[in-house]
Ligand SMILES: [Zn+2]
């Protein structure tokens, strides 16, 4: 199962032929993988849903907004609530977006964030609740693709239903 999940993860994340998620403002996507004691969550979102604009910041308030967005995305324990019994410890996330890079950008922009936890009791890992809607009110819907010990599932979260169980 460990190798299978890892293989699926690499297929989903790295295959250039894998179609990019549709860019719909207000919608985001989570890909979750539980593999042994490891939980991985990847968030993909149009930048609009997290920041309110999709270009380089031009003013001090916009630069501040980019910094604040990044700071919020770098707090996995605030964004994702896991069962305390699973005793999961977050590792530093990786956050990537053209808005952080140098050089010209044009058109719609996205952001991806990769989160990892190590869980002392992964069997207790049965739910994930996200506070992304509270932190980023422009988000209205998040689709979930899940791969875990019980197989694959998909789901959909909204501000009123922000928890996913498996
Ligand atoms: Zn856009």
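How many angstrom lie between the C-alpha centres of region 120-152 and region 15-86?
12 Å
I need the peptides 126-133, 99-106, 53-60, 111-118 ranked by packing, meaning the mean over residues of other C-beta atoms within 10 angstrom, with the highest value on top.
111-118, 126-133, 53-60, 99-106
How many percent of the alpha carbon pairs in region 99-166 exceed a separation of 21 Å?
The proportion of pairs with Cα distances above 21 Å equals 42 percent.
To the nearest 10 degrees, how steeply does helix 2-14 sit against the main Cα axis of the chain, on a 0 to 90 scale?
Around 20 degrees separate the two axes.
Cα axis of helix 60-73 to longest principal axis of the chain: angle in degrees, 0 to 90, nearest 10?
Between the helix axis and the principal axis of the chain, the angle is about 0 degrees.
What do you get when you divide the Cα radius of gyration of region 65-115 by 2.2 N^0.38 Å, with N the number of residues?
Numbers: Rg = 13.9 Å, N = 51, 2.2 N^0.38 = 9.8 Å.
Region 65-115 yields a ratio of 1.42.
Can you say what percent of the DSSP beta bridges in the chain, counting only those with both residues inside, are antiparallel? Round to 5. Let's see the in-between values first.
Numbers: 35 of 42 bridges.
Here the share of antiparallel DSSP bridges comes out near 85 percent.
Please grab the % of Cα pairs in the chain that end up more than 24 Å from each other.
Looking at the chain, the distances longer than 24 Å represent 35 percent of pairs.
None of the figures in this text is laboratory data; all of them are computed from the coordinates on show. Just so you know, these numbers come straight off a predicted model, no measurement behind them. Positions of Cβ are backbone-derived with ideal geometry, glycine not excepted, and every protein chain shown enters the neighbour counts.
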